[in-house]
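Working notes, beginning with the structure itself.
Read the figures in this text as sums done on the coordinates, not as results from a lab. Quantities reported herein were computed from a predicted structural model and do not represent experimental measurements. Cβ placement follows ideal geometry from the backbone for every residue including glycine, while neighbour counts extend to all protein chains displayed.
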Amino acid sequence: MHQLLHWLALPQFGLSTVFVVSFISATLLPLGSEPAVFGLVKLNPDLFWPAIGVATVGNTLGGAVSWWMGLGAHKAVDRARGSPTEVRALSWLRRFGPAACLLSWLPGVGDPLCAVAGWLKLPFWPCVAYMAVGKFFRYLVMTSVLLYFMPGQLGG
């Protein structure tokens with residue numbers, strides 16, 4: 001684990017670190033990507049927009065993987081049961097359709113939401129588009145707010 005953390009150290013690998021951490025954090029693994037984005041931007045203010053963009057792409061791709069995992073789980077359950085499954089408790093998600101993926105940025109519920117969208121077989125590309133919009137605004141707002149409250153360079 002120490003070797004992985006050393007390999008992902010921000011000053012050496014910057015945007016690739018942000019991508020990997022953002023991708024992993026969009027799966028069902030408990031990891032937050034905002035500290036990596038904020039840390040990179042604090043160390044390199046010129047990378048504000050590239051960091052936001054790379055984090056958005058990484059997090060959206062991770063959400064897409066969660067969508068596919070949900071679809072795969074649905075198909076596996078259907079095969080095991082021999083009939084289609086129905087998730088009544090999540091009828092609101094079906095009612096809102098892909099637009100519900102705008103909420104994929106929410107801590108705790110956003111990542112499972114992507115998997116449930118796949119489970120419900122909501123259209124892939126519209127879900128990904130809504131995920132990207134929600135995740136972009138999360139990174140933009142979170143990083144901007146953190147920079148506002150913690151101005152200046154780290155390490156002086």
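Worth pointing out:
- HN-Hα J in Hz across the range 34-44 - Karplus 6.51, -1.76, 1.60, θ = phi - 60°, x for Gly and Pro: 4, x, 5, 5, 4, x, 5, 5, 5, 6, 9
- Counting only residues at least eight positions apart within a chain, or on another chain, the lysines with an alpha carbon under 25 Å from that of Lys75 are Lys121.
- Calculated FRET value between Ser16 and Val109, using beta carbons and R₀ = 35 Å, to 0.05: 0.80
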